[in-house]
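*Asks:* My questions will all concern the structure given below.
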Amino acid sequence: MSSRFSDAIRAENALGFAAVIPDIKCRSPRDGDLLRGRDPVETARALVRGGAPVLSVVTEPERFGGSAELLRAVAEAADVPVLRKDFIVTEAQLHETLELGAAAVLLMCSVTGEKNLMTLYEKALKLGLEPLVEVHTAPEMALAKKLDAKLVGVNNRDILTLERDNGGPGLTAALAPLAPADAVLVSESGILDPAGAALAVSAGANAVLVGTALWLTDNMGAMYQSLRVERGSSCGRL
């Protein structure tokens, strides 16, 4: 898939909606098995048929049950840009991400130092990968601003505790005013219902990334549509 991840989000915004990014995640450290017998690749296909403009795939194997093979399979099966979510700390992982077919890669401020983050950010751009810079605190948002990041994610939960806390979109609302002015802003994790999505979007989020809440519902398609909230002109970001 050659289209840019952020362009697909902005295209959804142009239709008047925040983009909903389904997170293809096999397991949660907090909630256990998420698949419950479902095929993650077929589920990804169904979500794209239901309107998902982009997808996210968790490839971390030990705690989240992901794999490189899952990313490749989803990227091949779903004709939309795909984000790789993992603990990316080396340039070799960037090359692997590109080879697996992803259009974007998650770079977490919390898991690497500033110097390495800046190196990975520039290398990703040179490879043609869009880096999604993930932040959880105001100092991390300041680092995203220093990078002049064009795609920024606020993880409402603490990845250093494997997202076992109860963080929610209120953190996005708190950090959104500190984001780079022209960045596409994604609210990640802790989006449990349409009200949570609306809170993040009203604060200026261009998109919401939702994993566990989708997987725990009995009707994933209906849940996906309910999270596709309108993005009015009052939003703080373009």
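*Asks:* Identify, by number, the condition in (1) over 25 Å from Leu151 (Cα atoms); (2) aliphatic (A, V, I, L, M); (3) within 16 Å of the chain's Cα centre (by Cα) that Ile24 doesn't meet.
*Replies:* Every condition holds for Ile24 apart from (1).
*Asks:* A further question on this structure: When you scan the range 146-164, do you find a residue that is touching a strand residue (DSSP E or B) at 6+ places or on another chain (Cβ under 9 Å), assigned to a helix (DSSP H, G or I) and open to solvent by 40 Å² or more (accessible area, probe 1.4 Å), even just one?
*Replies:* no
*Asks:* Would you check if Ala176 is part of a helix (DSSP H, G or I), under 21 Å from Ile21 (Cα atoms), of a type in the set (A, V, I, L, M) and without any contact (Cβ under 8 Å) to a residue 12 or more places away in the chain?
*Replies:* For Ala176, the condition - part of a helix (DSSP H, G or I), under 21 Å from Ile21 (Cα atoms), of a type in the set (A, V, I, L, M) and without any contact (Cβ under 8 Å) to a residue 12 or more places away in the chain - is not met.
*Asks:* If you don't mind, there's one more thing I want to ask. Being in contact (Cβ under 8 Å) with a residue 60 or more places away in the chain and surrounded by 22 or more Cβ atoms within 10 Å (Cβ to Cβ) is the filter here; which residues of the range 94-142 pass it?
*Replies:* Ala103, Ala104, Leu132
*Asks:* Can you name every residue in the range 71-83 that is open to solvent by 10 Å² or more (accessible area, probe 1.4 Å) and closer than 24 Å to Ala11 by Cα?
*Replies:* Ala75, Glu76, Ala77, Asp79, Val80
*Asks:* Another question, if that's okay. Could you grab the pairs with beta carbons closer than 9 Å, sequence gap of 6+ or different chains, first residue in the range 71-93 and of a type in the set (Val, Ile, Thr), second one open to solvent by 50 Å² or more (accessible area, probe 1.4 Å) and assigned to a helix (DSSP H, G or I)?
*Replies:* So the pair list comes out as Val74/Arg45; Val89/Asn116; Thr90/Asn116.
*Asks:* Could you list, ordered by first residue, the pairs with Cβ atoms under 9 Å in which the first is in the range 208-224 and over 12 Å from Cys26 (Cα atoms) and the second is basic (Lys, Arg) and surrounded by fewer than 19 Cβ atoms within 10 Å (Cβ to Cβ), at least 6 apart or interchain?
*Replies:* Here the result reads Met220/Arg38; Gly221/Arg49, each pair linking the range 208-224 to a residue that is basic (Lys, Arg) and surrounded by fewer than 19 Cβ atoms within 10 Å (Cβ to Cβ).
*Asks:* Just to be sure, is Ala181 open to solvent by less than 20 Å² (accessible area, probe 1.4 Å) and either touching a strand residue (DSSP E or B) at 6+ places or on another chain (Cβ under 8 Å) or part of a loop (DSSP other than H, G, I, E, B) (or both)?
*Replies:* No; evaluated as a whole, the condition is false for this residue.
*Asks:* Quick check: is even one residue across the range 50-70 exposed (fewer than 15 other Cβ atoms within 10 Å of the Cβ), touching a residue at least 24 places away in the same chain (Cβ under 8 Å), out of contact with any Gly (no Cβ under 8 Å at 6 or more places or on another chain) and under 17 Å from Ser189 (Cα atoms)?
*Replies:* Within the range 50-70, one or more residues are exposed (fewer than 15 other Cβ atoms within 10 Å of the Cβ), touching a residue at least 24 places away in the same chain (Cβ under 8 Å), out of contact with any Gly (no Cβ under 8 Å at 6 or more places or on another chain) and under 17 Å from Ser189 (Cα atoms).
*Asks:* So Arg10 passes all but one of these: (1) closer than 23 Å to Asp158 by Cβ; (2) touching a residue at least 60 places away in the same chain (Cβ under 8 Å); (3) open to solvent by 30 Å² or more (accessible area, probe 1.4 Å); (4) out of contact with any Ser or Thr (no Cβ under 8 Å at 6 or more places or on another chain). Which condition number does it fail?
*Replies:* Unmet condition: (1).
*Asks:* So in the range 187-235, with the set limited to residues that are in contact with a Ser or Thr (Cβ under 8 Å, 6 or more places away or on another chain), in a helix (DSSP H, G or I) and open to solvent by 10 Å² or more (accessible area, probe 1.4 Å), which one is modelled with the lowest pLDDT?
*Replies:* Thr212
*Asks:* Among (1) β-branched (Val, Ile, Thr); (2) more than 14 Å from the chain's Cα centre (by Cα); (3) over 27 Å from Lys145 (Cβ atoms), where does Val111 come up short?
*Replies:* Of everything listed in (1) β-branched (Val, Ile, Thr); (2) more than 14 Å from the chain's Cα centre (by Cα); (3) over 27 Å from Lys145 (Cβ atoms), Val111 misses just condition (3).
*Asks:* Could you tell me whether Pro29 is of a type outside the set (D, E, K, R), open to solvent by 20 Å² or more (accessible area, probe 1.4 Å), in contact (Cβ under 8 Å) with a residue 60 or more places away in the chain and within 30 Å of Asn116 (Cα to Cα)?
*Replies:* It is true that Pro29 is of a type outside the set (D, E, K, R), open to solvent by 20 Å² or more (accessible area, probe 1.4 Å), in contact (Cβ under 8 Å) with a residue 60 or more places away in the chain and within 30 Å of Asn116 (Cα to Cα).
*Asks:* Considering only residues that are touching a Lys or Arg at 6+ places or on another chain (Cβ under 9 Å) and over 17 Å from Val184 (Cβ atoms), which ones fall in the range 109-130?
*Replies:* Those that are touching a Lys or Arg at 6+ places or on another chain (Cβ under 9 Å) and over 17 Å from Val184 (Cβ atoms): Glu114, Met118.
The values are calculated or read from the model by the stated rules, or taken from the named source; none is laboratory data. This one's a predicted model, so the numbers in the text were calculated from it and none came from an experiment. Every residue, glycine among them, receives a Cβ derived from its backbone with ideal geometry; neighbour counts consider all protein chains shown. What goes into the accessible areas is simple: the full protein's heavy atoms, side chains included, and nothing from ligands, DNA or RNA. Shrake-Rupley method; radii C 1.70, N 1.55, O 1.52, S 1.80 Å.
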